[in-house]
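> Dumping the structure here so I can ask a few things about it.
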Amino acid sequence: MEIKTVYDALTDAGFNVFYGVVPKGTRCPFCVFREVEHPNIIADNTTYFKTTECELTLVESQAHDFELQASLEGVLDGLELPYTMSEAWLPEENVIETYYSIAVYGGITSTEES
């Protein structure tokens, strides 16, 4: 599965998604999607199995929207992407961030199914 597939599914579901840097003045809620690591399986100068570890962050202001979170998780479930989740309240920025760790099998450009 390509990372673009995940990005497109989130935007199709109505999420405001940024890959990397968020422009100044962006209003909550929004998502930030980024690659964290590529723990590929490599031997004999060949990449045998591609994996891209990604972090998806849902940023909300002041109040946690459980329906929004359920909608985002529904997109991930629909793509059959397993994830782990954690949350943080950032009082200095007055936002709640929900972090999703996702492993996209097949790497960045592969068209292999997950």
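> Does residue 90 satisfy being surrounded by fewer than 11 Cβ atoms within 10 Å (Cβ to Cβ) and either of a type in the set (A, V, I, L, M, F, W, C) or out of contact with any Gly (no Cβ under 8 Å at 6 or more places or on another chain) (or both)? Break it down into steps so the answer makes sense when it comes.
Values: surrounded by fewer than 11 Cβ atoms within 10 Å (Cβ to Cβ): yes; either of a type in the set (A, V, I, L, M, F, W, C) or out of contact with any Gly (no Cβ under 8 Å at 6 or more places or on another chain) (or both): yes.
So residue 90 fits the description; yes.
> Go through segment 38-82 and tell me which strands (runs of 3 or more DSSP E), entirely inside it, have 2 or more residues that are of a type in the set (Val, Ile, Thr) and under 12 Å from the mean Cα position of the chain (by Cα). Let's see the steps before the verdict.
On the way: elements: 41-43, 46-49, 51-61.
Passing ranges, in order: 51-61.
> Could you check residue 35 against (1) out of contact with any helix residue (DSSP H, G or I) (no Cβ under 9 Å at 6 or more places or on another chain); (2) surrounded by 11 or more Cβ atoms within 10 Å (Cβ to Cβ); (3) closer than 23 Å to residue 9 by Cα and say which number it fails?
Failed condition: (1).
> Do we have residue 32 as within 12 Å of the chain's Cα centre (by Cα), in a helix (DSSP H, G or I) and either among the hydrophobic types (A, V, I, L, M, F, W, C) or modelled with pLDDT under 90 (or both) here?
Working: within 12 Å of the chain's Cα centre (by Cα): yes; in a helix (DSSP H, G or I): no; either among the hydrophobic types (A, V, I, L, M, F, W, C) or modelled with pLDDT under 90 (or both): yes.
Answer is no for this residue.
> Would you pick out the residues in segment 83-105 that are hydrophobic (A, V, I, L, M, F, W, C) and either farther than 21 Å from residue 61 by Cβ or not in a strand (DSSP E or B) (or both)? It would help to see each step written out before you state the result.
Here is the first cut: in segment 83-105, the ones hydrophobic (A, V, I, L, M, F, W, C) are 85, 88-90, 95-96, 102-104.
Scanning segment 83-105 gives 102, 103, 104.
> What's the total number of residues in segment 1-15 that are part of a loop (DSSP other than H, G, I, E, B) and surrounded by 15 or more Cβ atoms within 10 Å (Cβ to Cβ)?
The initial filter retains those residues of segment 1-15 that are part of a loop (DSSP other than H, G, I, E, B), namely 1-2, 13-15.
Checking which are surrounded by 15 or more Cβ atoms within 10 Å (Cβ to Cβ) leaves us with 1-2, 15.
Adding up the residues that qualify gives 3.
> Give me the pairs, please: first residue somewhere in segment 1-24 and within 16 Å of residue 77 (Cβ to Cβ), second residue anywhere and modelled with pLDDT of 85 or more and assigned to a loop (DSSP other than H, G, I, E, B), beta-carbon distance under 6 Å, and either six or more positions apart or on two chains.
The qualifying pairs are 9/79.
> Here are some conditions: (1) exposed (fewer than 15 other Cβ atoms within 10 Å of the Cβ); (2) more than 17 Å from the chain's Cα centre (by Cα); (3) modelled with pLDDT under 90; (4) not polar (S, T, N, Q). Residue 27 meets all but one. Which one does it not meet?
(3)
The values are calculated or read from the model by the stated rules, or taken from the named source; none is laboratory data. No experiment lies behind these values; they were computed from the predicted model shown. FYI the Cβ positions are ideal-geometry reconstructions off the backbone, even for glycines, and counts take in every protein chain you see.
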